[in-house]
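The values are calculated or read from the model by the stated rules, or taken from the named source; none is laboratory data. Keep in mind that what you see is a predicted model, and the values were worked out from it rather than measured. We place every Cβ from the backbone using ideal geometry, glycine too, and count neighbours over all the protein chains shown.
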Amino acid sequence: MENIYRKEFILDANDVDFESKLSIPALMRHFQALAAEHAQIMGMDYFTLRAKSNAFWVITKVKVRIYSYPRWGEKAVLQTWPLKPSIIKCNRDFELLDPKGGVMVQGMSEWCILDMESRRPRKVETTCYPLEMEHLQRRALPDDFRRFNAKASEFVYERVILSTDIDLNRHTNNTVYSNLFFDAFATSELERMEIRTYELHFCNESKEKDVLEIYRSDEDGKSTVFGTSGGKTIFQAAMEYEPRSN
């Protein structure tokens, strides 16, 4: 049996943006929740990993390619599957489908397991990860993750990390960073863009009361956003888009 976990959901007001279509931050929240549920079924969820291996999961990179968007009140199916881990890295792919099985979004993500005490990466084989289980070879995307070379130049805004941003690991929940990315844009800008790809890299953790400075740069069809704090890059993200004609 294929090691794929699927779940159908109906988009509600918490899932959509100002145009009543699925927002990318909401997609990130659904993917994180689905990955956590699948990890629990596979016996390597947060609580099991902490109890058996004194370790926890962190996502390091995520990328999506968008073909179409479901809208408020419509049904969608999200499915995810893990790939065979390397020594440290664990990849998990996902797809968002319409009710007839048509692909709306394809995505890939990279994770690693950190030691609870040192907060340094652990070799997968030193944890309770079930290496003997089935791993699919199919990739949702043939792409590689990008390399961010130059820092974004224009300061946009400053954001304090607050208690509601903090997750079980006592650092900023990864889904918050997608909100920080899109808050660097006005709705008047976003309504002129048809976003086709979105990629987010988590570089360093941030914690409660940290102050993030958000910077942005733009070129034809692409925008890049960086978040820094205390001289460290916290996250890097970029989107590619097509201009809308209307």
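Of everything listed in (1) over 30 Å from L131 (Cβ atoms); (2) aromatic (F, W, Y); (3) out of contact with any strand residue (DSSP E or B) (no Cβ under 9 Å at 6 or more places or on another chain), the single unmet condition for W72 is (3). Looking at segment 166-174, is at least one residue closer than 19 Å to Y69 by Cα, β-branched (V, I, T) and not assigned by TED's automatic domain parsing to the domain that holds K63? The answer is no; no qualifying residue exists.
Screening segment 132-246 for strands (runs of 3 or more DSSP E) wholly inside it with 2 or more residues that are more than 25 Å from M108 (Cβ to Cβ) returns the ranges 154-160, 211-219, 222-229, 232-243.
All conditions in (1) closer than 20 Å to H30 by Cβ; (2) touching a Lys or Arg at 6+ places or on another chain (Cβ under 9 Å) hold for N174, with the sole exception of (2).
Pairs meeting the criteria (first residue in segment 91-108 and touching a residue at least 24 places away in the same chain (Cβ under 8 Å), second residue surrounded by fewer than 18 Cβ atoms within 10 Å (Cβ to Cβ) and aromatic (F, W, Y), beta carbons under 6 Å, at least 6 apart or on different chains) are M104/Y67.
Going residue by residue through segment 111-124, is there one that turns out to be surrounded by 13 or more Cβ atoms within 10 Å (Cβ to Cβ) and under 25 Å from E19 (Cβ atoms)? Within segment 111-124, none of the residues are surrounded by 13 or more Cβ atoms within 10 Å (Cβ to Cβ) and under 25 Å from E19 (Cβ atoms).
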